1. Check whether at least one residue in region 154-171 is touching a residue at least 60 places away in the same chain (Cβ under 8 Å) and in contact with a strand residue (DSSP E or B) (Cβ under 9 Å, 6 or more places away or on another chain), and report yes or no.
2. Within region 84-124, can you find the residues that are modelled with pLDDT of 95 or more, basic (Lys, Arg) and surrounded by fewer than 20 Cβ atoms within 10 Å (Cβ to Cβ)?
3. If the requirement is being within 18 Å of the chain's Cα centre (by Cα) and either over 23 Å from Val293 (Cβ atoms) or touching a residue at least 40 places away in the same chain (Cβ under 8 Å) (or both), which of these qualifies: Pro101, Pro143?
4. Among the residues of region 152-167, are any more than 23 Å from Ser230 (Cβ to Cβ), surrounded by 19 or more Cβ atoms within 10 Å (Cβ to Cβ) and not charged (D, E, K, R)?
5. Can you say whether Ser273 is over 25 Å from Val132 (Cα atoms) and surrounded by fewer than 22 Cβ atoms within 10 Å (Cβ to Cβ), as far as the supplied structure shows?
6. Looking at region 229-267 only, could you name the residues that are among the aliphatic types (A, V, I, L, M) and buried (at least 24 other Cβ atoms within 10 Å of the Cβ)?
7. Could you figure out which of (1) more than 22 Å from Ala263 (Cβ to Cβ); (2) touching a residue at least 60 places away in the same chain (Cβ under 8 Å); (3) outside any helix (DSSP H, G or I) isn't true of Ala107?
8. Scan region 199-228 residue by residue and report those that are crowded, with 23+ Cβ neighbours inside 10 Å and assigned to a loop (DSSP other than H, G, I, E, B).
Amino acid sequence: MFIPFLATPEPSRSARGLDRRKGGGGGGKGGGGSSGSGSKGGGSTGGGSSGSGSKSGGSTGGGGGTSSTSPKSIPITGRTPTGRGSASSYGGGGGKITTIPAGAAFAGRTVGGGTRDQVFGNSVYGSGYPGVVSRGVSGRGFPFFFWPVVWGGAAGGAAGAYLHATNEYGDCSNSSRPGGSMTQATFMSNSTGTTFYLLADNSTVAALITTIDANCTLSPLSSTAPTSHSCSDPNALQPEQAIQYYRASSVVLALSGYNNSAAYSSDENAAASALPSGIDMTLLNCLNQTIGVSVPLVNGAGPAWAGSGMGALGLFWMLWLLLGTVL
């Protein structure tokens with residue numbers, strides 16, 4: 001049985017350049033010019049931090065070429081309690097762990113120290129914190145500087161209370177969070193009906209749209225710019241759709257149609273539901289690895305990471321979900 005999540009790049013490959021990965025299907029880039037609304041017209045990618053962010057024209061073909069993994073500076077808007085105003089895609093992260101001083105937001109909590117090989121969590125809200133295994137984000141420090149995503153509403157009752165931290169970190173529209181208010185992106189398979197969603201701060205979503213578009217084959221309907229996200233929208237993403245958290249739960253990858261009942265279980269050790277059958281696993285593999293190697297990290301003293309693209313915990317978790325799907 002072929003298990004795609006075991007087919008990770010060798011460490012040296014990241015240093016040479018992240019191979020362009022197929023997200024399912026083929027096709028070539030369509031012609032035409034680009035529009036100014038943040039959409040893709042043919043082969044030109046629009047920018048911006050908001051808007052519809054959808055593609056029109058041809059899809060991106062698989063194979064051929066590589067995308068550079070040299071660290072690229074990403075401006076961080078919003079509140080930066082350490083005084084650092086930029087992060088890097090493909091950077092190594094790290095840096096000295098410091099304590100937030102009195103008088104500042106979250107005084108007394110630690111910030112910094114998180115490195116690239118520690119970004120992977122699992123499907124549990126509160127995962128992706130180095131050295132922490134319990135769920136929830138209340139009272140936690142900021143090993144990667146970014147704040148955790150928040151889920152609105154009160155779904156799940158008492159068992160789901162750990163999911164709702166808006167009283168601590170503000171709601172989705174809180175522009176004080178590092179990277180700006182929460183936004184999302186949609187990534188669709190060009191060979192199946194599989195739809196994935198990415199949720200994080202605006203700076204992170206914008207940066208990951210760029211790296212994912214460069215490395216994964218996507219439907220032309222996929223996002224090319226972040227779109228707004230409202231915690232109060234009844235049709236917004238829900239915690240049970242999350243399949244993977246990253247970077248101290250400040251980034252989440254979700255799957256349309258996935259319903260993980262363990263998210264609302266009173267048992268912290270409840271097993272996550274298996275992924276639905278028939279989804280585009282090749283695209284999922286590409287998204288997961290690309291997020292892992294390129295999610296922006298605040299610059300530290302360490303070198304750019306040249307690891308395998310998937311930390312041990314991330315590999316174990318995705319493999320477990322895959323086995324639940326195919327067995």
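1. Our first condition is that a residue be touching a residue at least 60 places away in the same chain (Cβ under 8 Å); within region 154-171, this holds for 155-160, 163, 166, 171.
Then keep just the ones that are in contact with a strand residue (DSSP E or B) (Cβ under 9 Å, 6 or more places away or on another chain); that gives 171.
There is at least one residue in region 154-171 that is touching a residue at least 60 places away in the same chain (Cβ under 8 Å) and in contact with a strand residue (DSSP E or B) (Cβ under 9 Å, 6 or more places away or on another chain).
2. Result: Arg109, single match.
3. Working: Pro101 fails: within 18 Å of the chain's Cα centre (by Cα).
The match here is Pro143.
4. Checked against the condition, which is being more than 23 Å from Ser230 (Cβ to Cβ), surrounded by 19 or more Cβ atoms within 10 Å (Cβ to Cβ) and not charged (D, E, K, R), region 152-167 yields no hits at all.
5. Numbers: over 25 Å from Val132 (Cα atoms): no; surrounded by fewer than 22 Cβ atoms within 10 Å (Cβ to Cβ): yes.
Answer is no for this residue.
6. Ala242, Ile243, Ala248, Val251, Val252, Ala263 - these are the residues of region 229-267 that are among the aliphatic types (A, V, I, L, M) and buried (at least 24 other Cβ atoms within 10 Å of the Cβ).
7. Going through the list (1) more than 22 Å from Ala263 (Cβ to Cβ); (2) touching a residue at least 60 places away in the same chain (Cβ under 8 Å); (3) outside any helix (DSSP H, G or I), Ala107 breaks only (2).
8. Cys216, Thr217, Leu218, Ser219, Ser222, Ser223, Thr224, Ala225, Pro226
The values are calculated or read from the model by the stated rules, or taken from the named source; none is laboratory data. Owing to the predicted nature of the structure, the values given are computational and were not obtained by experimental measurement. Cβ: placed from backbone, ideal geometry, glycine included. Neighbour counts: every protein chain shown.
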